[in-house]
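First up is the structure itself, then whatever we jot down about it.
The values are calculated or read from the model by the stated rules, or taken from the named source; none is laboratory data. Just so you know, these numbers come straight off a predicted model, no measurement behind them. Glycine gets a Cβ as well: all are built from the backbone with ideal geometry, and neighbour counts include every protein chain shown.
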Amino acid sequence: MKNATHNVLIFALAVTFLTLLVVLFPTLNYLSASLRLSQFNQERELRLYAKEVEKSIYAISPMQKTFIFPRSILYKGALLDASNRIVFSLIEEPIPLFEDAFYKSGQSLFYKQTLLNNPLHVSFLVVQKELSYSQVIFDILIMIGVVLTGMFVISFLLMKMLLKPYIETSARMNLFFTDVMHELKTPLGIMQLNIEGLNSKYKDKRLSRSLAALSTLATLYDDLEYLIKNKTITYTHEYLDFSIFLEDRISYFESLAASKEITLLATIAPELFITMNRIELQRLIDNNLTNAIKYSHPKSTIEIFLYPCEEGIVFEVKDYGIGIKEIDKIFTRHYRGDIFKGGFGIGLSIVKSICDKYDIAINVESKVGEGSRFSYRFLKRESLPS
């Protein structure tokens, strides 16, 4: 469920980003036009202010001794004589010389008004204001924000609605498989114990083959259980004696090997410890031993090694079986190495995912008709994978 929601969120973000790319060019054109319109409006406002100041200058009476220049928060003004020399100025920055009515310098907009005969004997009125596009930019950002937010919400809800049947079906399937796996575990265990008891008493080949088949089925069960639980639970790490753990797993597969009269030869260095989850280590070992037995010729030998190296610990399984044609594909789920014996199944894909998680280096050597060697180098690590 979390994974589906995460995918829906990524899809909604992708659609939103594509929408941004689509509207970017027209938005830039709209912004450019809006900026020009804003400047035009500010020019008009500046001209109107200049007219008001001009009226106040013409309104000076001959008896008036002083003239108070109109003040404004937005506008500044200055009076120039016929030679463009400053007679009076409230403008803090240098006044540029310009002939046109309007002149833009940096973020300042100037307007120059020619005055007729007046009591102040000045020829030009210059007014100035700081250009401001903040409202335009704010409006553009609001518009883009509304469009992108709307697109994100619509795409998120639409994708969630489309995926709802899939999510519900997936949840039911997971529940079904969980129930089935739970129901299978007990009868598998009972059958295995009973056949082991009968086989130890009667030593019958048919019982040995049945026990071997149950061992294979149990390995498949463990693989499926791992696949189902891997995405939903966190596997805790343990400080394990790799040497003893491997010996126990080899003992477990003795009956499966015996069904094909295969000899398991183990060379295991003692007291090699590793910090790893027990279930994941078991999946790695079991799948390698199962495949080695499965693809070995009857009455052959499988060699198993565990030894230290400079980087850490090396675990190897070597068989003298049919070999592998396409080594680069064997870790792909459901790859079939032999049409008659079946594929490597989900086992090696699980092994690959575990190796990726723990940075375990994999090396595979194989020759068709002569056998294969699977080698895994467990690196020494300061910290554990999450």
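Numbers below:
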{"quantity": "Matching residues in region 254-309 - criterion: being part of a helix (DSSP H, G or I), β-branched (Val, Ile, Thr) and without any contact (Cβ under 8 Å) to a residue 60 or more places away in the chain", "calculated": "279, 285, 293"}
{"quantity": "Qualifying residue in region 258-268 (condition: buried (at least 16 other Cβ atoms within 10 Å of the Cβ), small (Gly, Ala, Ser), more than 21 Å from residue 360 (Cβ to Cβ) and out of contact with any Lys or Arg (no Cβ under 9 Å at 6 or more places or on another chain))", "calculated": "yes"}
{"quantity": "Residue that is farthest from residue 139 (Cα to Cα), among those in region 38-69 that are among the aliphatic types (A, V, I, L, M) and part of a loop (DSSP other than H, G, I, E, B)", "calculated": "63"}
{"quantity": "Qualifying strands (runs of 3 or more DSSP E) (wholly inside region 73-112; at least 3 residues being not β-branched (Val, Ile, Thr))", "calculated": "75-80, 102-105"}
{"quantity": "Some residue of region 251-261 being touching a Pro at 6+ places or on another chain (Cβ under 7 Å) and not hydroxyl-bearing (Ser, Thr, Tyr)", "calculated": "yes"}
{"quantity": "The listed residue being aliphatic (A, V, I, L, M) and within 20 Å of residue 191 (Cβ to Cβ), out of 220, 289, 284, 246", "calculated": "220"}
{"quantity": "When residues of region 148-166 are limited to those that are crowded, with 16+ Cβ neighbours inside 10 Å and either at pLDDT 80 or above or over 21 Å from the mean Cα position of the chain (by Cα) (or both), the one nearest to residue 13 (Cα to Cα)", "calculated": "152"}
{"quantity": "All positions within region 95-138 that are over 23 Å from residue 70 (Cα atoms), exposed (fewer than 14 other Cβ atoms within 10 Å of the Cβ) and under 46 Å from the mean Cα position of the chain (by Cα)", "calculated": "106, 134, 135, 138"}
{"quantity": "Residue in region 283-291 that is under 20 Å from residue 362 (Cβ atoms) and surrounded by fewer than 19 Cβ atoms within 10 Å (Cβ to Cβ) present", "calculated": "no"}
{"quantity": "Among (1) farther than 20 Å from residue 293 by Cα; (2) surrounded by fewer than 18 Cβ atoms within 10 Å (Cβ to Cβ); (3) of a type outside the set (Val, Ile, Thr), the one test that residue 242 misses", "calculated": "(2)"}
